[in-house]
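Undergrad: Just dropping this structure here.
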Amino acid sequence: SSSSSSSSTGGTTLMATLDYDQSKDAVVLTADTKIGKGDEIYVTEPVGMSNAELLLTKGYCRSDNPDDFVTVQANVVMADALYTAKKQILDAYNMSEEQTFLVYKDRLPLELLSYLRLSRLQNTD
């Protein structure tokens, strides 16, 4: 994961990212423009990272993190007698038979609830 950085040079803000590059075994700062010698670089708080991502990549968590979430995996079982019908419905809604959802502390995606309802449908003849 990366974090954004900015540098102010003569009134211009330079955007950059800070990330670990496995191939170089180093932390690398990548900018969309040249950063000159002596320019100040300010590393800002990462945006859009869960506490798990923050802990693994930055070494800390935030108790007030608005982007904290857990990942929930859901799927439709191929052995299900209604698998083909369920797959057609999922395809119509641009979803797959294996789907990942982000669940936040203060909200639950409606798509997850719909997906779980569909996955639990049974043929009752």
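The values are calculated or read from the model by the stated rules, or taken from the named source; none is laboratory data. As the structure is a computational prediction, the values presented were derived from the model and not from experiment. Neighbour counts are summed over all protein chains in view; Cβ atoms, including those assigned to glycine, are modelled from backbone coordinates with ideal geometry. To get the accessible areas, we keep the full protein, side chains included, count just its heavy atoms, and leave off ligands, DNA and RNA. Shrake-Rupley method; radii C 1.70, N 1.55, O 1.52, S 1.80 Å.
Undergrad: Residue pairs, Cβ under 9 Å, 6 or more apart or interchain, first in the stretch 76-98 and open to solvent by 90 Å² or more (accessible area, probe 1.4 Å), second not in a helix (DSSP H, G or I). List them.
TA: Met78/Glu97; Ala81/Gln122; Ala81/Asn123; Glu98/Gln73; Glu98/Ala74; Glu98/Asn75; Glu98/Val76
Undergrad: Let me ask something else about it. Would you be able to say whether some residue in the stretch 37-44 is within 28 Å of Ala16 (Cβ to Cβ) and surrounded by fewer than 10 Cβ atoms within 10 Å (Cβ to Cβ)?
TA: First, the residues of the stretch 37-44 that are within 28 Å of Ala16 (Cβ to Cβ): 37-44.
Filter once more, keeping what is surrounded by fewer than 10 Cβ atoms within 10 Å (Cβ to Cβ): 37-38.
Yes, because at least one residue in the stretch 37-44 is within 28 Å of Ala16 (Cβ to Cβ) and surrounded by fewer than 10 Cβ atoms within 10 Å (Cβ to Cβ).
Undergrad: Name the one entry in Thr71, Thr100 that is hydroxyl-bearing (Ser, Thr, Tyr) and in contact with a Leu (Cβ under 7 Å, 6 or more places away or on another chain). Full working, then the answer.
TA: Values: Thr100 fails: in contact with a Leu (Cβ under 7 Å, 6 or more places away or on another chain).
Selected residue: Thr71, the only one of Thr71, Thr100 that is hydroxyl-bearing (Ser, Thr, Tyr) and in contact with a Leu (Cβ under 7 Å, 6 or more places away or on another chain).
Undergrad: Conditions first: (1) free of Cβ contacts under 8 Å to residues at least 40 places away in the same chain; (2) among the basic types (Lys, Arg); (3) closer than 30 Å to Asp21 by Cα. Arg107 passes all but one, so which condition is the exception?
TA: Result: Arg107 passes all but (3).
Undergrad: Which of the numbered conditions does Asp68 fail, given that it passes all the others? Conditions: (1) touching a helix residue (DSSP H, G or I) at 6+ places or on another chain (Cβ under 8 Å); (2) over 30 Å from Asp19 (Cα atoms); (3) not aliphatic (A, V, I, L, M).
TA: Going through the list (1) touching a helix residue (DSSP H, G or I) at 6+ places or on another chain (Cβ under 8 Å); (2) over 30 Å from Asp19 (Cα atoms); (3) not aliphatic (A, V, I, L, M), Asp68 breaks only (2).
Undergrad: Checking the conditions here, which among Ser50, Ser63 is hydroxyl-bearing (Ser, Thr, Tyr) and open to solvent by 80 Å² or more (accessible area, probe 1.4 Å)? I'd like the intermediate steps shown before the answer.
TA: Values: Ser50 fails: open to solvent by 80 Å² or more (accessible area, probe 1.4 Å).
The match here is Ser63.
Undergrad: Does any residue of the stretch 66-73 turn out to be aromatic (Phe, Trp, Tyr), in contact with a strand residue (DSSP E or B) (Cβ under 7 Å, 6 or more places away or on another chain) and at pLDDT below 95?
TA: Start the filter on the stretch 66-73 by keeping residues that are aromatic (Phe, Trp, Tyr), which leaves 69.
Keeping just the survivors that are in contact with a strand residue (DSSP E or B) (Cβ under 7 Å, 6 or more places away or on another chain) gives 69.
So of that shortlist, the ones also at pLDDT below 95 come out as 69.
Checked against the condition, which is being aromatic (Phe, Trp, Tyr), in contact with a strand residue (DSSP E or B) (Cβ under 7 Å, 6 or more places away or on another chain) and at pLDDT below 95, the stretch 66-73 yields at least one hit.
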